[in-house]
Each structure stands twice: as structure tokens, then as C-alpha cells.
Amino acid sequence: MSQGSLRNNWWTYLWLRSEAFLVVIIFSNILISAITGYLTPRFITSFYDSLNKDAEFQHQLILFVILISCEYINRFCFSLSTNRYVQKLLVEIRRKSFALWLKAPFKRKSGKHEEYPLGEVLARLMNDTDAVREVVSSGSFAIFIDIIFILSCLISFLQLNSTTGLALFAAEVIACLLLIKGSKAMARIFMDVRRITGMMARVVTDITSGLKELFFSPNDRYASKRGQKIFEEFLDKQLHANIWDAGYYSAAESLYPILVALVMIIVPYSQIVEVAILAALIDLIQKSITPIKDVASKISVLSRAKTGIDRLHQFNDSFEQDHFERLDFATLEAQSMVFDLQVFQYEQGFKLENIKFELKKGEILGILGESGCGKSTLLKLLSGQYHTFSGTITIDDKVIHADNEKALRHFSSYVSLIAQDSHVFTESLKFNITLGAEVGFEEFWSLAEKSIPYLVRWGMNPQDKVMPKMLSMGQKQLISGLRALYLKKPVILMDEISSGLDSELEAALRDLITFFQSRSMTIIVTHRLETILNSHKLVLLEKGQIIATGTHQVMRSFPKYQEFLNHLH
Amino acid sequence: MTSRLHRRFGPWVIHHAFEFKWFYLGAFLCLYVLQVFQSEIPGRIRNLTELLGTGSIEGSSVWIFVGLAAGILLFRTSSRLLFFYPARVQQKLLRMELLELLEKVPSTRYQHRSQGQIFQILFDDINNLRAFIGFGLLQIGNLLIAAWVLIPKLNETDAYLWPAFTPLFLSVVFTTIASLINQKYFKKVMDKKGEVQQYIIESYEAKQTIKNFHREESFIKGFVKISTEELALFFKSSIGFAVTGPYVKLGLGLSLIWAAMLVRAQGGSASDLVFFAGYLYLFHEPVMFMSWVAVVVAQGFAAWRRVQELYGVLVVPSLDEKELAESHLDLGSDGLKLSLLFWQKKINLFFQANRWTVLIGETGIGKSYLLSKLATGLILKGHKVSMVQQEPYLFNDTIMENIFLGKEVTEKNMALAKELLRMFQLDNLAPTIDEVLKLEVGENGKRLSGGQIKRVALIRSLLSEAKTIVWDDPFSSVDIILERRIIHKMRNSPEWKNHTFIISSHRLTTVRLSDEVIYIDKESGVKAQGSSEMILKEENVSRFFKEQLVDVSLA
């Protein structure tokens, strides 16, 4: 990972100012654990010592109960706080990544592919955060508090008996290191097993998909033979891996007798004379087994989480900071526009040339052409999606040069594109129209109901949830049209009004266009003349060029236009 | 080979145990020795503590601990291996038995199960069964033997300590409760997670719209809301373990305190308490595995039930089979007679032996249905029939494996295979014909085009040694010139003289190149039948082709 190229340190991703309180709790938990750890060997020693002293025992017993209860409460506070912190942190990390990604323009790598296709965005926002969640579900944070606890125990014990204390310390460190090393070696072996498991899954998928085929094709046990081959290969690899993992886990589970044995051979040379000290030593061994056993696996969980964070970090850093000034939709206003394109060319060769038209508020412009004439490209240019053309767009008296990406982006906020595949969200109808802005919706809705009677007959309430799959193409267009109207877009682009609609919906879309006309400049792009019969101006497009333009009256003299007319009747 | 699949869960486990009796005998022996060694430790520590300060600790009594540790390591590893091996072998045997059965029985028996379901049983469920016998049984065995060794040993000398184990054993109860809580939330978390993903997918699709309207903030708000809900559920699901996890330590401490009081009441010494602490720890490990083992057992049981369900379906003849067994289907020397219900009416079909017969009819009339019934029926009656379906399946294997399908490759059929590859113009897939044979076709033939896949399947069927060959629309993606060449060659070659070809087609060319034509129809069943020259003169047939066919003018 190239840490150098990242803008922020990775720990800045782990710090949540708003949850500083939790961090304080977490660190005090660790501190308390260090203290209880330090006290434990002493308490155990006194506890054992007092066993035969009536007066002291009661006192020691209470102290001991208090100590272990404190430790318990401390532990679960720690777990809850770390889990809570991770939860808050993940919300924040996801929010940050989602926001940066959503606000950034679509980046196209080498002009074709998205830099972050959907799968990649999901992988970052979901899988990478999952790696962090796993730390919670596996309780891996506990390893920190465990290690602090054991270390303080050991330090405290060293003062009771340094010989055995040091021996135990050394043995435990070695055990830890061996287990970590072992788990790394095991990771390689398991990788092998995972690979062959994946291969086996593919073969089994293949065979089960082709079973029917085999029934109809006389064959000589093709499936069984192939299955047998891969199952045997898998068995072989798996048994090999089992030798290692049996050894590894057995060693981990046998740590207790092994450590006891190691310590015991030192006892005769350690000047331990009190049973209580030996008891504390054994207690210490017992307490340290689980953390030592877990260290390797917890480290791998934590390192996966760190990789997840790093990947998210890189994801976020790959987006440019969004300095784009957002316009308040209510203030958008424009009376006229001139579109003047000199040339736009795709890498593959198709080009649009010399396309110029102007439009005033209240007018409808129809762009007519057969498929392949460049209609959809023109729509993309008009909605400001490409900035690689030469020409200008003039809105009111502001001239925007097309190569000025920022200005073009600014222009794009004046435009709303209603395409056949305009997105409708699985949210309330109101949300679909307002996209979360609430201002003046009630008035807008009653006006809309008046202008488009279909809305009343349709029976959809603004609060009802929209199920995009249940909607017809026309209904989707209606919703996205209302959205453009509510958000007061001065320029509305409409791509092909759906054909084959029932008459009610067709009327509704006509009403919608009349509604547009009262508020905006409307451009309708189509290959069917009937949809633009009431437009004020027409542009006839062929092979990327305007071949005729004017009112219906003017256009009648063009043979191409007559062809479209003939289709109509 | 022994059948495992027909047994119930218990008998299957017992059968398995007997099948690998020597392994399990060894494994239990290892576990026994392991526990005996482990049980030595607390007592020996007690003895040692009693000698502390007397200066009479001998070196040898200390080195025994090293011996015990080495023995424990050895026997623990061996017991694991002895459990793992039979489980892995059993896994393979189960998979093989199920696969062989699947291959043997008519596919109609499991047609209501998706490929995914069969995959899951063959792959995941049998793996869960493996986990049950390899891991579950190991831990159960370990617990039983630990109980068998440790309980009498403690009873012998220090039975009064038993009550002190209660706090430790309680932790099993708590962990089980925690995993139940976790389970309860797990599904909820998963559902919510699906919603979060859906939100991202929608935002992705609508990103342009959102941007254009400058409504990013409300989408971020929506995302945060749903994402917070999901993570809050996730947090709740972790509470159970956060509370019970640390309890284990508390339980161990409380057990020790309880024991201290018992020791005092008994007039014992600190050494006795050290002894107890050692025992406590020996119980701690197998007990901690308990809640995990419960999950493995439950999963294993459920997996066996699913395996059994599939097995039950596989060994019983399906409805289709019964129907076909009762239907009239005769393969005589003169030809093949079939009568069955077709659009609620009886239809009688006759295909002449050693001829090429083409079945024609409107799209969607059920030609594929008739052909597949015919092929299934013949196969069930034990005839060697090869059928190429409209969309044949190629295995993710080489062309050679795909055309021979496990059959022995002889010089003769190899020569035929090469000739066919050339004839079907597949020889240009690679520089040499041998390289073509070695070509990997990819998942479901994705490295080949649809037409190439079809031609490989046709070659497969010609190499299958079946005398009756059924092809459902074989030439749809082959151009007319190649089609004509293939049929001409085949009809003039002695190789295919004694084969009966039954083909469905949409093309006039195919009809012209065949001997017989059967025109089927919804109302009248067989609307016309006869030799191809004769039938093409019939008015309704020529009208059919005018309406249906695109390449009339070319033919």
C-alpha cells in the first residue's frame, strides 16, 4: 500500500470527535485492567495465605470477590464501548465514502469504463466495512485488554518471584511468537485448500448444471469420473492441511500442560517456599492461555480490518474534493437559451456538426430523426454530460464555452433530462418528486393535480411508496417530469415519449408537456412526429447534422419531413 | 459399493463408525490416554506444593511434567487426526455416491430442483456432515471421556468439591443464551444489510439524476439513516457475547472462591485449593466447546435431512416416467411408434427406421416437448438414444472431453471425431486439429459462440454410438451452405446409414434435405406427413413455410 500518496493518516479515520467520551471510557477500561492485573497475583497470594487464618479469610474473600467483579464489569464495559465506537465509526466512514462518491462526477477510465463500477462501490462500502465489523463479532478488541492485563499480572508476579516469573514471561512470549509464525505458515496451507475448494465448487457447479445433458447423451460415467478426480485431489490437499492444523491447534490447546511443565522444572531452583506463590503462578498460567492462543487469529482479524480501512481510505482519496457550489433550486431562472455546437466527435468516428438552435421560455422545440441520427448524443451534450465538444451554450446572456468543465457543470443544473430509463426510487411518491426537499410541496401537488387530472384518477397519494417494478414506462416519465417541474428546472429535455400507452396515460403526458410549457423551455427528442405536433419549432436531424429547421409550415416543403408525415397517416 | 444414503441419521453415524472402526478405536484410545495424562497434573501439583519448602523436591518428580506435556501434545494431535481422516473420506464417499446416483437416474426425477439446490446438497450439506463427524463427534467424544476419567478420579479423593464447579458450568448456559440472542438478530441484520445494498444500487443507477437536481444531501441523509439502523441492529446482536464473554473468567474466579470455602470447611490446606484450580481448568476446555458443538450437531442433522429428501426423490420413479411407461412407444425394425397426449388430444407419430425425419410446426407448438418425451421414453426403456437439445450444455472442459464424455478413446473413434470436427467446420478454432481437441471451452462453453456450442454438441451425439439420434433445431445457428454440406456428407457416408435421425426445424432447406416430414398442429395433431418432395407440394405446408420462414427465397 502506498501510504505516501494518501492525503490523511489512516488513524484519522479511526478518530471520531463526537464519540470522544467512549474513547475515554475505553482507555480507562484498559487502565483499570492494568491495575486489576497488577493486583491479581497479590490478591491470589493473600487469599491462599489466609485460607487457614480465620480472621483474615473473610476479609480476603470479600476483597477477592470485589476484584473479580470489578474485572468483569470492566471487561464488559470495554466490549460494549468498543463495539459502540465501531458502530458509530462505521456509520461515519460509510457516510463519508458514500457522500464523496455520490458527489463526484462519474469518472471514465480510458473513456469507456467507470473507474468504480457498481460492484466496486458495493465492495468498498459493504465488504470493506464488514472487515471492520468482524473485529466486533469476533471480539477481537478484547485482545488489547487481555494483553495489558496479563502483562501487569506478570510484572506484579516478577516482584513475588523473579525466577519463575521471568521463565514464564519468556515461555509465553516464545509461545506467542511461535503461534503467530505457525498461523502464517498455516495461512499458506489454507490458501491451497481454499483454492482447491474453489476449483471443486466450480466442477460441482459444472457437473450439476450438465446432468440433464448427460441423461440425453450416452456417456461413460462422465460426471462421476470428473467428480472423483476433483474429490480425490481435494481429499489429498485437505488431509495434508489437516496434519498441520491438527498439530497447530493441539499445540495451542496443550499450552496449559506445556507451560505448567516448563515452570515446574524451574520450581526446585526458584526459592519458592510458599504454596500461595505457586498458586498465583498457576493461576497466572491459566489466565494467560486464552489470550496467547487467540493472539494469532485476532491479529489476522485486526489486520484484515486495517486493510479494509486502507482500501476505503484510498477510495475516498481518489475523489477530488468537491468544491462545486450548489445552487439553490428555487432561485434558478432563465428566459432563453442558444445552443451552438460546432463539432463533437466520438473516438469511434461518429460526429455531430453545426447544430444550432435557440429557445425561449414557454416554447417547445421538437428534434426529429431516425435512430442513429445522433439524437441520444445530442441529449447528452444538452444535459452537460460531455464537455469535449467545441461550441457554446448561452443561457440568458451568459455565454458558456463547452470546454469549460466547471461552467458546463453549472449549466447542467439548469437542465433536467427525462429519459425512458429515468430513475424512480423505491421511496414515497413525494420523495421521488421532491428528492427530499419539502418546500412548497403541498401547493405544487394541488397545482399538478389540477393540470394533470390523471394524477387524481391514478389514486397515488404522495405518501405512498412507489414500487418501480410495478410502474409502466409512461408512469415513470410522469414522475420524473413532475420532479423536474417541482425542482423548477428552466430547461427540460424529454427523450421519446413512450409509445403504446393507454389513452389516459397518453393524455396525462400531454398535460405534463403543457405544464412544462408554462414554466420552462422544453426540448423533446423523438423519432415519431406525432409526439411533437404542437411544438413551436422543429429540427430535423440526419447523420449528425441538421437537415431542416423551422415551424411545421416551413418544414412541409422538405421531402424527409414528408416521409415522417406519411408515417403519421 | 455400500449404500450410505438410504440410512437414517443415527444408523448412518453408526455405520460410519463401524466402517472406520480401527480409526475410532485408536482415536478413543488416544483421547483416553490424553485425559489420563491431563488428570495427572492437578494431583502432581498438589504433591509438589506439599513438598515446597521442605527442600525434598526431586528433579525426577519435576521432569515428569515434561513427559506429560509431550504425551498430551502427541495424543491430542493423534486423536484429532484419527477423527479428521474418516470424516474426510466419508465426505468423499457420500459425494461420490450421490453423484453416481444423480448420474444414473432419469433427470425427470429431480427436475423440480434447481441446479443451485443440488449443488448446495452435494457441496455444503455434505460438508456440514463432515464437520459433524470430524469435529462434533471429536468434541463430544472428548467431553465424554473427560467425564469418564476425571469424574471418578475426583470422586475418589475430593468428592466434596463438586458444588464448586457450578459457576463454571453456568457459563455454558450463558453462552448458549448469548448465541441464541445472536441468532435472533442475525437474520434481521442480514435483511437490513440487503436494504443498504439496495440503497447503494439505486443511488448508483440514479447518480446522474441526483447530481442534476443537487439533491445529494437528502440521499446522504437517507443512506445514513438506513446504514445506522443496520449497524444498530448489528450492535445489539453483539451485546449477548459482550456480556457473557467475560463471564467465563468471573465463573472461574467464583468457582475458586466456592472451593476455598469448601476446603476450609473440610479442614484442607492451600494445596487442596491448588489441586482444585487444576481440575477446574481441565473441565473448562471441553465445556467451552459445548455450545459450539450444539450448533455443529444441529447443522449436521439438518444437512442429513436435506440429503435424505433428495435421495428419496432420486430412488422413486417420477410421474413422467410412469406416464411414459404406460404410453405406447415401440422401437421396431421398421421404425418408431409413439402415441401420447398432445394439447389434450392423442397424437400418433411414426418415424421410419434409418431415415431422416423432420418435424415442423409453428413456434411454440411443442416440438421440443415431443422430442424430449420421445428421447426420455426411449432412454427409460433402455434404448441407446442421443438427444441434442435446443440449447445444449457444454462442460467446462476440453473439446475432446466434451465430445467423448468419458468414453474410451480408440484410434477409430478418434479418426471419426477429427473428421466430424472438420465437417462441422470447427477445425479452424485452433491452428491444428489436435489443438482444437485440447481447447478448453470455458464455463458453459463461454469461449465459443452459440453456433459453435451447438455443433460441438452435434458431434458429441454422433460419437455417442446411439443408433437413434434426436436433434432439436440443430441448424438454427449454422448457415445454409454449411448445413447443406453437412447433411449431404452425412447422407452419403456409410457411417450413418444405419442411424435414425429425428430432427425439428424451421428451415425449408432442412426439409428438402430429409426423407420424411411430419407437420404438426395444435388442432389436428399430425396435419401432414410424407416424403419431403411430396409434402412440399401440399398447400398448407407451402403456406406454412411462406409464413414462417425467412429464407424461402434462398432455398
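Any read-out appearing in this document is the output of simple, stated calculations on the displayed coordinates, not a laboratory observation. Note that the coordinates shown come from a computational prediction; the quantities given were computed from them, not determined experimentally. Methodologically, a virtual Cβ is constructed for each residue, glycine included, from the backbone with ideal geometry; neighbour enumeration extends over all protein chains shown.
Brief remarks follow.
- Less than 5 angstrom separates the built amide H of A:Lys356 from those of A:Leu341, all sequence-distant by 5 or more or on a different chain.
- DSSP bridge pairs, the protein assembly as shown: antiparallel proportion in percent, nearest 5: 55 percent
- Given +1 at the Cβ of Lys and Arg, -1 at the Cβ of Asp and Glu and no other charges, the dipole of chain B around its Cα centre is 360 debye to the nearest 20.
- Spacing of the modelled spin labels on B:Glu362 and B:Val316, each 7 Å from Cα toward Cβ, amounts to 3.9 nm.
- Peptide A:133-145, shielding by other chains (average Cβ, 10 Å cutoff): 2
- Rg/Rg_ref, the range B:1-141, where Rg_ref = 2.2 N^0.38 Å and atoms are Cα: 1.60
- Cubic angstrom per residue, convex hull over Cα atoms of the range B:9-315: 199 Å³
- Chain B - Rg (one decimal) and Dmax (whole number), Cα, Å: 36.1, 120
- Computed about the Cα centre, the dipole magnitude for chain A is approximately 700 debye when only Lys and Arg (+1) and Asp and Glu (-1) carry charge, each at its Cβ.
- Alpha-carbon Rg/Rh ratio, for the protein assembly as shown, with Rh computed the Kirkwood way: 1.07
- Over 19 Å [Cα-Cα, the range A:162-271], rounded percent: 63 percent
- Cα centroids of the range B:437-504 and the range B:363-414: 10 Å apart.
- Calculated [222 nm] ellipticity per residue, helices only, for chain A: -20000 deg cm²/dmol; basis is -39500 (n - 2.57) per DSSP H run with n ≥ 4, divided by all residues, nearest 500.
- Degrees between helix B:539-548 axis and first principal axis of chain B (Cα, 0 to 90, nearest 10): 50 degrees
- Alpha-carbon centroids, the range A:399-472 and the range B:54-131: separation in whole Å: 59 Å
- Taken over the Cα atoms of chain A, the convex hull encloses 264 Å³ per residue.
- Top positive-direction residue, dipole computed over the range B:9-315 with Cβ charges, set B:Asn182, B:Thr77, B:Ala87: B:Asn182
- Residue among B:Met400, B:Ser327, B:Phe350 farthest towards the positive dipole end of the range B:322-548, charges placed on Cβ: B:Phe350
- Taking the Cα centre of the protein assembly as shown as origin and assigning +1 to Lys and Arg Cβ atoms and -1 to Asp and Glu Cβ atoms, the resulting dipole is close to 700 debye.
- The range A:201-273 and the range B:187-205 have Cα centres separated by 36 Å.
- Among beta bridges identified by DSSP and lying wholly in chain A, the antiparallel ones come to about 60 percent.
- Value of D in µm² per second that Stokes-Einstein yields for the range B:178-285, Kirkwood Rh from Cα pairs, at 4 °C (1.567 mPa s): 71 µm²/s
- Directionally averaged projected area (convex hull, Cα atoms, the range B:405-555), nm²: 10.6 nm²
- Positive-end extreme of charge dipole, the range B:9-315 - chosen from B:Ile226, B:Phe65, B:Pro42 (charges on Cβ): B:Ile226
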